[in-house]
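Below: one structure, written as structure tokens.
Coordinate-derived values only; no laboratory data. These numbers were taken from a predicted model, which means no experiment stands behind them. Cβ sites come from the backbone with ideal geometry, for glycine too, and all protein chains shown count toward neighbours.
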Amino acid sequence: MKNKIIMMFMGLLLAGSFTASAQGPGGQRRTAEERTKMQLDRMKEQLTLSAEQVTKLDTILLNNNKEMDKVFQSGQRPDRETMQKNREALNEKIKGVLTEEQYKKYQEEQAKMRERRGQGGGGN
């Protein structure tokens, strides 16, 4: 049950991160490439990534951002389940690139971000 709650919040985080990072100056939507660079820069700062990890994560994040652009451009708002599945798949790919220690730190940073956005989870 706790894992489901965590995953639900991660889905909300994904939605929030797209909303927050999608807007550039003047309210213009950032491109998938711009959002990927922002995400990757944050991860490099927090996780001390190797050059190989940066390359792999760049591909993973860019593909995910482009896929999400397609979803949002369809004109329909994605449902929570779709967002959750996307987030779970993204996290599995990220987990495959990071060391165990880095992934733990990544999860901690995601939790901090949710708290800052007022989406901190509770419950069991």
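For Glu52 and Thr31, what is the calculated FRET efficiency with R₀ set at 35 Å and r taken between the beta-carbons, to the nearest 0.05?
The computed FRET efficiency comes out at 0.90.
Which far-off residues, 5 or more places away or on another chain, put their amide H under 5 Å from the one on Arg29, with H placed in the peptide plane?
Excluding prolines and chain starts, which carry no amide H, the hits are Gly24.
Mind scanning Lys56/Lys95; Lys37/Lys112; Lys70/Lys105; Lys70/Lys112; Lys44/Lys95; Lys44/Lys112 and naming the pairs with a C-alpha gap bigger than 23 Å?
Lys70/Lys105; Lys70/Lys112
In nm, to one decimal, how far is the modelled label at Arg116 from the one at Thr59, with both set 7 Å along Cα→Cβ?
Distance between label points: 3.0 nm.
As an exercise, use a Förster radius of 22 Å and the Cβ-Cβ distance of Gln73 and Met38 to find the FRET efficiency, rounded to the nearest 0.05.
0.65
What list of ³J(HN,Hα) couplings, whole Hz, do you get for region 106-117 from phi and the Karplus terms 6.51, -1.76, 1.60, once you set θ to phi - 60° and write x for glycine and proline?
Result, rounded to whole Hz: 4, 5, 4, 5, 5, 5, 4, 5, 4, 5, 4, 8.
If you count, for each residue, the other Cβ atoms within 10 Å and average over each peptide, how do 91-104, 73-86 line up from highest to lowest?
91-104, 73-86
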